[in-house]
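J.: To start, I am sharing the structure in question, which I have written as structure tokens.
The values are calculated or read from the model by the stated rules, or taken from the named source; none is laboratory data. In this text the structure is predicted, and so the values were computed from the model without any measurement. Every residue, glycine as well, gets a Cβ built from its backbone with ideal geometry; the counts of neighbours run over all protein chains shown.
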Amino acid sequence: MMAQTMTQRHFDEAQKHVELGIRHVIRQREIVRQLERDGLAKAAEQARQLLDTFEAALELQNQHLDTVAGEVAADEALRNAARRRPPEA
């Protein structure tokens, strides 16, 4: 098995951050709905503001994941090109 590259580890970490961010957004949406159902308007508004923050953070995490995915693809292309190159004389 080939050793995992630093870029791949970076990608895996970014992916975990996105997954955690998604869970935070889902949970915060549940909290907002519950507070609204309970008629707690002020608390619901505060929870909604936190939800906005979580959603903005998730967007940044997704952008970062996309960037790192591009780096992983570039690294893989370089490795593949190096394998196809004939040895120097």
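J.: When the residues of the range 46-89 are narrowed to those that are of a type outside the set (V, I, T) and in contact (Cβ under 8 Å) with a residue 40 or more places away in the chain, which ends up farthest from L35 (Cα to Cα)?
T.: D75
J.: Oh, and also: Go through (1) part of a helix (DSSP H, G or I); (2) on the phi > 0 side of the Ramachandran plot; (3) of a type outside the set (D, E) and name the single condition G39 misses.
T.: Condition not satisfied by G39: (1).
J.: Now a separate question. Starting from residues that are exposed (fewer than 12 other Cβ atoms within 10 Å of the Cβ) and small (G, A, S), keep the ones in the range 1-47 and report whichever is farthest from the chain's Cα centre (by Cα).
T.: Taking the candidates together, the pick is G39.
J.: For R23, only one of the following conditions fails: (1) over 25 Å from L78 (Cβ atoms); (2) in contact with an Asp or Glu (Cβ under 9 Å, 6 or more places away or on another chain). What is its number?
T.: (2)
J.: Another question about this same structure. Confirm whether R79 is charged (D, E, K, R), exposed (fewer than 11 other Cβ atoms within 10 Å of the Cβ), assigned to a helix (DSSP H, G or I) and modelled with pLDDT under 95.
T.: No; evaluated as a whole, the condition is false for this residue.
J.: When the residues of the range 1-29 are narrowed to those that are polar (S, T, N, Q) and either under 16 Å from A47 (Cα atoms) or outside any helix (DSSP H, G or I) (or both), which ends up modelled with the highest pLDDT?
T.: Result: Q28.
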